[in-house]
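Notes to accompany the following structure.
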Amino acid sequence: MIYEDFSNSNIALNLKKKFKENFYSGWGKGNNINEARYNAEKAYQKNKETNSEIVYLVSSNSELILSEIDDKKKKSIEIIDKLKKLNITKQNSGKLIELFKSNEKVSCAILANHLNISERTANRLLLKLEENHLAISELIKINRGRPKKIYQFSF
């Protein structure tokens, strides 16, 4: 156990060097040992969900990132948090981030194919993203039939 000054500790770095792979860790702070353990578990889960090597400190009233990360990883983590609040799976979140980074416009059919889901489910997902201001839609007129609705992500 480390009681103070854990932000200057190199434990995570040393363990990562030893195991030579991703190392997930979480730090917890609390008024007693049980609260600290509970908060450490929450920090560990958050680190594991983001699939990154970020060290979180969770206390009773706040979350703090202890290790430095670059802006790209930070943006991806923010997007994952937004999508998680909408009950979008981690796997689908990653694929949506890929589409967002490619700046590609998608239809329901394209998204359904990319996520390996039905078009109806893709349509519900796109509507949910649009309602939460995470996607913008536009109608494209075609020669026959209904206009096509195309979405662009705005995470």
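The mean sequence separation of alpha-carbon pairs under 8 Å and at least six residues apart, normalised by the residue count of the stretch 71-153, gives a relative contact order of 25 percent.
The calculated pair-distance distribution of the stretch 71-153 uses every alpha carbon pair, bins of 10 angstrom beginning at 0, and gives 17, 53, 23, 6, 1 percent.
All of the numbers you see were taken from the coordinates with simple rules; none came from a lab. Just so we're clear, the structure is a prediction, and the values are computed from it rather than from any experiment.
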